[in-house]
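Shown next, in structure tokens, is the structure this report addresses.
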């Protein structure tokens, strides 16, 4: 037994040494910078461009490495709090960025952003709530995305239907949708073609906002998911799904995507072959369309207008890990995101909106030479990003991830007919408000309580002014949606002060 | 003497040297985290507040996490989900035992007789031909099924039991996620093979139901309820007889009666019309009281301990309860069938429908359990059943069922007890992988189990203290049930 043990020990030791020797050399003659991002080929092009750019503009040699193995929120957080995360970390939603910020693992870059030329106001206004908290900037967008409805023009021709206009009323949209469903699906057979595919929660958010409501109130101190607007928006989604067949149900989606239930990427090939006439997606959908060889006419429309035209904007964000030993180099990367080199890649590759809005007006963005079928789409994205896109409402009193989970749960309960719309939204509202109450009552959160109390006073003033029919000073409003909505309806005025 | 002591010491040192790495790892990665998590459960540890980037001190919050937990409605829903999924345990055990009994036969000798093989092949091929004729299944599927069936039978004939044992055990060594994805495809509500097979059946059933005379299915529903009542009363009567014989203690009797009747009466109250529920309930209670009264007057009752025979009685009561619940479900389906048929009978939407998601997971778990380690344990136990007992039973003229019930089943008691204990523990802790891969805990939390809840609270919201509290509540449940199992199960085994 002893011999067996010794032999096993020796074999394992030798194998350990061999494994260590086979690993990529962690040493480099240049400073090594790790970028935790998603595994896309275009990231490598962006990384190579950065190495050239920093050499050309700053005379620095960098060994820039992509880490796509750890591109998962839980891994990022756990590695972050363990002190071993990459120097630069991507986050692909405001929920994730806010979580990382709440943990405290991402660097405040406000001053260096001003010094190096990538302050928040250089990018889209609607993107700012995603990465600026209490006036401090935590990173810079590598790209911003807005949700619009892609139109497969060939499908409308096939069924002899008029193309949707860029902006349509709810009634027009529903009428066209019902006609499409009727013509595209033989009577008596299982419905296989739908008018619209998209994340139900996103569609509901846009409808709610169009009707005049939002997830939170004006000061982000309370959830308002049980508002009349919210109820009405869910009634519309429910009707589209279960009565009109405009949108696929969960069962339909499970059929389309048994391997990845609910995974929107399944929708791309289905859209390309005409099973969905419209697809809710950002501009980056073209990065999936192009490899599929989709060369039919493509255009884009806004979410149906129920009173206030709007769509949501999110960001793919690059942040700097607080414990990075290469902070200066990491800041150069954020600076690079505003550069001509980087923005040109974004425009050419068909990724989301470039960090520098000026590049959304270049010919490379609007008229990609190899893809004339897309030319009708990019300009609409560029205009929508500036005119109707609005940032998400992030309450400082509750984690956005928690809000998202509660809201998604309510959505699922409604769509599976588990609860009535009123009941599900009422429960969700109570739960979010209970989370807020719990957060501000926490003894470690005294600063939050003070902030909450100030916001409550402002909310009282807003409610009083609205009740009297007087306009509200913009500085009192913290929810980006209400800032835009009240200006649109004339219920607010810009008093020039900061909110 | 000193040489011997020296040898012992060297053996001890050598043994410890071998064990030390393992002891260190177990201590570091198992025992320490377990005790550490007890402490965590009583703190407000939140990843967003307490980490290397912040100097917010960790606070002791006493039982706050537990109080919050018990106030949280979703915790109760997820606990309910976990317990609901555990209803499948008796079926899984029965499936494992059934598979083990089949695999314990000498397949080669049976199959060489030819009759069974011929019968099975003819039956299967006939069924497949019928399906093809009626256009009820894609011919490719039929060919596949026939090919696999013939291949299985042929290889079984050549290779004997070992081939079947390997095939049955296959689910256990197939990667979990791959299996889950396969089942997800099978459960596809519109194009999956399960619903493809159910569709024509339901289409055929629909006109039959509608053509049936008025109230036929209501009477069938009532008949099923009466069958449940008859089964329950028969079992209570049988237990009373065992009490009279001194084989069952009074406390065990009362517990079994409560375990059997309380859920049935509650469900009946929820689902049945009052005019039906009331007389049935009163009847059940009166009959139960009658039996209780009879054995309370019995002289022999005093001669036995209160928990005598509890293990076996509880196990069988649990099995009967499960059967009763299924019959009750069938009764409800029968009652509502005409109305459902009028609207058109559709197959279940399985994973995407709130009320079907859990049964869908249970069916899959049942399939996995048949060919699991439990089957191997039963196989091993079956090989240990003394042949002389079987021969004695043969001499006494016992049939196959009698031999199983009076010889094999008691001999399997220790294994059954072990499997039950482990299944309950695994059941309480389980469900995470399935839910994560197939439903993400949905729809509307229908498949979120306690283990999934721990994961989401710990790693999605960062509330480590709260997640630890959930974990410890789960541990307390596992521990309590295991203690009960040991207390009653050991008696059952020794009986």
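Laboratory data are not the source of any read-out in this text; all were calculated from the coordinates shown. Quick caveat, the model's predicted, so the values are computed rather than measured. As a convention, Cβ positions derive from the backbone with ideal geometry for all residues, glycine included, and neighbour counts pool all protein chains shown.
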For residue B:94, placing the label point 7 angstrom along Cα-to-beta-carbon and taking the stretch B:225-266, residues whose amide nitrogen sits under 15 Å are B:228, B:231-232
In this structure, the FRET efficiency calculated for residue B:366 and residue A:417 from their beta-carbon separation, with R0 = 22 Å, to the nearest 0.05, is 0.20
Packing-ranked peptide list from A:64-72, A:397-405, highest mean Cβ count within 10 angstrom first, is A:397-405, A:64-72
Inter-chain shielding metric for A:407-419, i.e. average beta-carbon neighbours from other chains within 10 angstrom, reads 4
Distance in nm between residue B:385 and residue A:165 label points, each 7 Å along Cα→Cβ, equals 8.0
The stretch A:267-288 scanned against label point 7 Å out from residue A:199 along Cα→C-beta; backbone N under 17 Å for A:267-268, A:279-286
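Ignore the peptide's own chain and count Cβ atoms of other chains within 10 Å of each Cβ in B:42-53; give me the average, rounded.
Values: counts 0, 0, 3, 0, 5, 9, 11, 6, 3, 8, 9, 9.
Mean partner-chain Cβ count within 10 Å for B:42-53: 5.
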Taking a ≥ b ≥ c as the square roots of the Cα gyration tensor eigenvalues, with a/c under 1.5 meaning rounded and otherwise prolate when a/b beats b/c or oblate if not, the stretch B:190-345 comes out prolate
Residue A:60 and residue A:121 label points (each 7 Å along its Cα→Cβ direction) are spaced in nm at 2.6
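Going by how many other Cβ atoms sit within 10 Å of their own, how do B:43, B:421, A:123 line up, fewest first?
Details: B:43 20, B:421 17, A:123 24.
Lowest to highest Cβ neighbour count: B:421, B:43, A:123.
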The alpha-carbon center of the stretch A:459-490 and that of the stretch A:1-55 are separated, in whole Å, by 55
Rounded to whole angstrom, the alpha-carbon centroid of the stretch A:374-452 lies from that of the stretch B:18-48 at a distance of 36
Per-residue average of other protein chain Cβ atoms inside 10 Å, peptide B:67-76 -> 1
A correct fewest-to-most ranking of A:379, A:417 by other Cβ atoms within 10 Å would be A:417, A:379
Taking alpha-carbon centroids only, the stretch B:332-355 lies from the stretch A:178-201 a number of Å equal to 24
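For the protein assembly as shown, just say rounded, prolate or oblate: build the C-alpha gyration tensor, square-root its eigenvalues into a ≥ b ≥ c, call rounded for a/c under 1.5, and beyond that prolate if a/b exceeds b/c, oblate if not.
On the way: a/c = 1.73, a/b = 1.48, b/c = 1.17.
In terms of gyration-tensor shape, prolate.
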Taking r as the C-beta separation of residue A:136 and residue A:475 and R0 as 22 Å, the FRET efficiency to the nearest 0.05 is 0.75
Placing each pseudo-label 7 Å from Cα in the direction of the beta carbon, residue B:105 and residue A:358 end up separated by a distance in nanometres of 8.3
Taking R0 as 60 Å and r as the Cβ-Cβ distance between residue B:35 and residue B:332, the FRET efficiency 1/(1 + (r/R0)^6), rounded to the nearest 0.05, comes to 0.80
Taking B:162, B:186 and counting other beta carbon atoms within 10 angstrom, the fewest-first order is B:162, B:186
Checked the stretch A:308-454 against the a/c 1.5 cut and the a/b vs b/c comparison, axes a ≥ b ≥ c from its Cα gyration tensor; verdict oblate
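Restricting to the protein assembly as shown, compute how many DSSP beta bridges are antiparallel as a %, nearest 5.
Numbers: 24 of 40 bridges.
The antiparallel fraction comes to roughly 60 percent.
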